[in-house]
Amino acid sequence: MHETVVAENVLRTILEHAEKLKARPVRAVVSCGQFNALNEEAMKFAFETAAAGTVCQGMLLQIRQIPLRASCRACRTLFELNLMTPLCPQCRSEDFDIEPDAPLLLEEIEFEDKQ
Amino acid sequence: MKVSLNQKILSRNEEAAAKNRQFFAEHKVFCLNVISSPGAGKTALLERTIRDLKERYAIGVIEGDIETDKDARRIQAAGARAFQIETKGACHLSAEQVHNALKMIDAQTLDLVFIENVGNLVCPSAFDLGESGRVVILSVPEGDDKPAKYPGTFAGASVIVLNKIDLLPYVPFDLSRVLADIHTVNPQSPVLQLSAATGEGIDAWYDWLRRHLEKKQP
Ligand SMILES: Nc1nc2c(ncn2[C@@H]2O[C@H](COP(=O)(O)OP(=O)(O)O)[C@@H](O)[C@H]2O)c(=O)[nH]1
Ligand SMILES: [Mg+2]
Ligand SMILES: [Zn+2]
């Protein structure tokens, strides 16, 4: 459950921005690649747990999964790699280079507009 | 109001990892982060390695595997310096914990430092410890589906050890499938088939260690 640590880090950053802006956060977007194995349900649960009793309680956490990409060595096609069927969709070659996996990012935070 | 950040979530860990990496470079220490499921044979492989190589290299071990000091005592009995990190139920080690442990084992006086990570095939792989290389151990009784299930862990390995090959005659295990699945996500790293129990195949592991210790990089 490394989601707990990820959630705590996300929460800390959101709280810092909320404090600075004196605003209530309503939504945040986290993105992740396929190799960091972030489980969405576990992540949302861990965030809810960590956020309880803070200004982040009840805010929406969105998780954007970024697919793995690979480039075919045979025909040079750049494609989304499905690890269950690791083939170039263009020429069926199994010879490809996997692009670096997307890192775990806190992309954006949305705050409630002040009246 | 929206605030765009695109900030790395694990940046704190990465900062600590960068410090560790600098420490290893300065002191010419080769550090390996050893990752596997519980029971795959991390401690067994380290014990045998220490017994066989301790005359040649000064070896230390940072133990994060369990809360008791049982593994650390096995390491000390084999003849290496060991330091136990109290993980308190965490599913992985952090770079900061390693940073503190490095002082306790006087790592600057060592050639080779192993970090035995918490037994878990998923979580540790997201946390850079500043290591020079990463050893992922898969053992035969765990089954041949693990590289397909946890591709990220295998993608990040500098070397993959397939342990407990002495059990191959007794359990269903599709070796060619395992090798193909690892190759898909990690075509550059070697897969070393061995038995930490019988010593079969262990020389390829010592060769790998020796080559990288000479270069001090994975
Ligand atoms: N048959 C067999 N058993 C092994 C081998 N390596 C380790 N074991 C056994 O597997 C169990 C778990 O090993 P251990 O080193 O404690 O695993 P760790 O949890 O990854 O540190 C122990 O009972 C070992 O004796 C091996 O190569 N073959
Ligand atoms: Mg162990
Ligand atoms: Zn192609």
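Remarks
- Filter result for B:Ala107 (away from chain A (no Cβ under 14 Å), at negative phi and touching a residue at least 40 places away in the same chain (Cβ under 8 Å)): yes
- Flag if B:Ala148 is touching a residue at least 12 places away in the same chain (Cβ under 8 Å), touching a Leu at 6+ places or on another chain (Cβ under 6 Å) and open to solvent by 10 Å² or more (accessible area, probe 1.4 Å): no
- Some residue of the range B:190-199 being more than 26 Å from A:Pro100 (Cβ to Cβ) and buried (at least 23 other Cβ atoms within 10 Å of the Cβ): yes
- Among the residues examined, A:Val55 qualifies as more than 16 Å from ligand 1 (Cβ to nearest atom) and more than 13 Å from chain B (Cβ to nearest Cβ).
- Conditions (1) away from ligand 2 (no atom under 12 Å from the Cβ); (2) in contact with a helix residue (DSSP H, G or I) (Cβ under 7 Å, 6 or more places away or on another chain); (3) closer than 27 Å to A:Asp101 by Cβ: number failed by B:Ala90: (2)
- Looking only at residues of the range A:41-59 that are closer than 16 Å to A:Asn9 by Cα and open to solvent by 70 Å² or more (accessible area, probe 1.4 Å), we find that the one that is nearest to ligand 3 (Cβ to nearest atom) is A:Lys44.
- Applying a threshold of 9 Å to beta carbon distances and a minimum spacing of six or more residues, or different chains, the list of pairs starting in the range A:73-89 at a residue that is more than 14 Å from chain B (Cβ to nearest Cβ) and open to solvent by 80 Å² or more (accessible area, probe 1.4 Å) and ending at one that is small (Gly, Ala, Ser) and more than 16 Å from ligand 1 (Cβ to nearest atom) reads A:Leu78/A:Ala70; A:Leu78/A:Ser71; A:Glu80/A:Ala70.
- Flag for B:Ile115 being within 16 Å of ligand 2 (Cβ to nearest atom), more than 11 Å from every other protein chain (Cβ to nearest Cβ) and open to solvent by less than 20 Å² (accessible area, probe 1.4 Å): yes
Residue-by-condition table, conditions (1) closer than 23 Å to B:Asp128 by Cβ; (2) away from ligand 1 (no atom under 11 Å from the Cβ); (3) within 14 Å of chain A (Cβ to nearest Cβ):
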| position | (1), (2), (3) |
| --- | --- |
| B:Leu46 | yes, no, no |
| B:Gln76 | no, yes, no |
| B:Arg81 | no, yes, no |
| B:Gly89 | yes, yes, yes |
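- Subset of the range A:57-86 (residues that are in contact with a Ser or Thr (Cβ under 6 Å, 6 or more places away or on another chain) and not in a strand (DSSP E or B)): A:Ile66, A:Ala74, A:Pro86
- Of all residues in the range B:57-86, those being closer than 20 Å to B:Asn100 by Cβ, open to solvent by less than 40 Å² (accessible area, probe 1.4 Å) and part of a loop (DSSP other than H, G, I, E, B) number 4.
- Residues considered: B:Leu138, B:Leu93, B:Leu129. Of these, the only one that is more than 15 Å from ligand 1 (Cβ to nearest atom) and either outside any helix (DSSP H, G or I) or hydrophobic (A, V, I, L, M, F, W, C) (or both) is B:Leu129.
- If the condition is being surrounded by fewer than 15 Cβ atoms within 10 Å (Cβ to Cβ) and among the acidic types (Asp, Glu), then the range B:9-41 contributes B:Glu15, B:Glu26.
- Options B:Val171, B:Val140; residue that is open to solvent by 30 Å² or more (accessible area, probe 1.4 Å), among the β-branched types (Val, Ile, Thr) and modelled with pLDDT of 95 or more: B:Val171
- The range A:3-24 - residue that is more than 9 Å from chain B (Cβ to nearest Cβ) and outside any helix (DSSP H, G or I) and, of those, least open to solvent (accessible area, probe 1.4 Å): A:Arg24
- Residues satisfying the stated conditions in the range A:25-54, i.e. part of a loop (DSSP other than H, G, I, E, B), closer than 25 Å to A:Ala102 by Cα and of a type outside the set (Phe, Trp, Tyr): A:Gly33, A:Gln34, A:Asn36, A:Ala37, A:Leu38, A:Asn39
The values are calculated or read from the model by the stated rules, or taken from the named source; none is laboratory data. These figures come from a predicted structure and were not determined experimentally. No Cβ is skipped: glycine too gets one built from the backbone with ideal geometry, and neighbour counts run over all protein chains shown. The area values use the complete protein model at the heavy-atom level, side chains included, leaving out ligands, DNA and RNA. Shrake-Rupley method; radii C 1.70, N 1.55, O 1.52, S 1.80 Å.
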